[in-house]
Amino acid sequence: MSPLIIALIAGIVVVLTAVYISWRAGRLDRLHIRLELAQEALDAALMRRRAVVLELAGSRLLDPATSLVLAAAAHEARMSGPEEREHAESDLSGALRAAVDQERFREKLAESPGGQELLEELDGAVTKVVYSRRFYNNAVGVTRTAQRRWLARVLRLAGHTEYPQFFEIDDNPPVSMATE
């Protein structure tokens, strides 16, 4: 083989390798953007759920003890730091289940003026948290897999971004809501 053909083949290999590395880096960048968007959607869903729970607690449609428990759990979730956030959000889910799963809770609230609207908002907010967390955790799993690939590790294609962490909370909806 002539040196010109060898140089041409080597040049093609270098160009194809550069294109592949660039494609992998672009994919990893897009995954990180998807992860950030999923994080924002999850934060918005959690914030909306807290707001609806606080609105329900302050509506004077519930007994004082239930209102106090829900307001305290929502406030704790709102004020929690990053380390306590998963635990506080799980506590809010538990308090919400305890309140909504009381006997005839939904029927009594639906009969009250404005109660049906609050129930619909609550159902929507709880459902959105469930889906947002699943979407976020899926994005974390895909991003972590891409970051673990040998090419991404060796060439540091992810730069200095933190390794994404799953968001694990108890987000099971109230039993009375799940059956409807």
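FYI, it's all coordinate maths here, none of it is from the lab. Everything numeric here is computed off the predicted structure, so don't read it as measured data. Every residue, glycine as well, gets a Cβ built from its backbone with ideal geometry; the counts of neighbours run over all protein chains shown.
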May I ask you to list the residues in segment 139-160 that are without any contact (Cβ under 8 Å) to a residue 24 or more places away in the chain and within 12 Å of the chain's Cα centre (by Cα)? none
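Which residue out of Ala152, Ala88, Ala158 is within 21 Å of Ala51 (Cα to Cα) and of a type in the set (Gly, Ala, Ser)? Working first, answer last.
Details: Ala152 fails: within 21 Å of Ala51 (Cα to Cα); Ala158 fails: within 21 Å of Ala51 (Cα to Cα).
Just a single option satisfies the conditions, and that option is Ala88.
Among the residues in segment 138-150, are any basic (Lys, Arg) and farther than 30 Å from Asp29 by Cβ? First the steps, then the outcome.
As a first pass, look at segment 138-150 and keep what is basic (Lys, Arg): 144, 148-149.
Next, from what is left, pick out any that are farther than 30 Å from Asp29 by Cβ: none.
No, every residue in segment 138-150 fails to be basic (Lys, Arg) and farther than 30 Å from Asp29 by Cβ.
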Unmet requirement for Ser176, which otherwise passes all of (1) over 21 Å from Glu89 (Cβ atoms); (2) in a helix (DSSP H, G or I); (3) small (Gly, Ala, Ser); (4) more than 22 Å from the chain's Cα centre (by Cα): (1)
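Could you list, in sequence order, all residues of segment 84-97 that are charged (D, E, K, R) and either touching a Leu at 6+ places or on another chain (Cβ under 9 Å) or not in a helix (DSSP H, G or I) (or both)?
Restricting attention to segment 84-97, the residues satisfying the condition of being charged (D, E, K, R) are 84-86, 89, 91, 97.
Residues satisfying the conditions are Glu84, Arg85, Glu89.
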Residue among Gly81, Gly26 that alone is surrounded by fewer than 14 Cβ atoms within 10 Å (Cβ to Cβ) and assigned to a helix (DSSP H, G or I): Gly26
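Assigned to a loop (DSSP other than H, G, I, E, B) and either surrounded by fewer than 17 Cβ atoms within 10 Å (Cβ to Cβ) or free of Cβ contacts under 8 Å to residues at least 12 places away in the same chain (or both): is that true of Gln116 in this structure?
Working: assigned to a loop (DSSP other than H, G, I, E, B): no; either surrounded by fewer than 17 Cβ atoms within 10 Å (Cβ to Cβ) or free of Cβ contacts under 8 Å to residues at least 12 places away in the same chain (or both): yes.
Taking the combined requirement at face value, the residue does not satisfy it.
Within segment 136-158, can you find the residues that are outside any helix (DSSP H, G or I) and closer than 30 Å to Ser80 by Cα? Steps first, answer last, please.
Within segment 136-158, the first condition is being outside any helix (DSSP H, G or I), and the residues that meet it are 149, 155-158.
Selection gives Ala158 alone.
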Exactly one of these conditions fails for Gln102: (1) part of a helix (DSSP H, G or I); (2) within 19 Å of Thr66 (Cβ to Cβ). Give me its number. (1)
Scan of segment 55-78 for residues that are within 17 Å of Val126 (Cβ to Cβ), assigned to a helix (DSSP H, G or I) and either hydroxyl-bearing (Ser, Thr, Tyr) or touching a residue at least 24 places away in the same chain (Cβ under 8 Å) (or both), ordered by number: Glu55, Leu56, Thr66, Val69, Leu70, Ala74, Ala77, Arg78
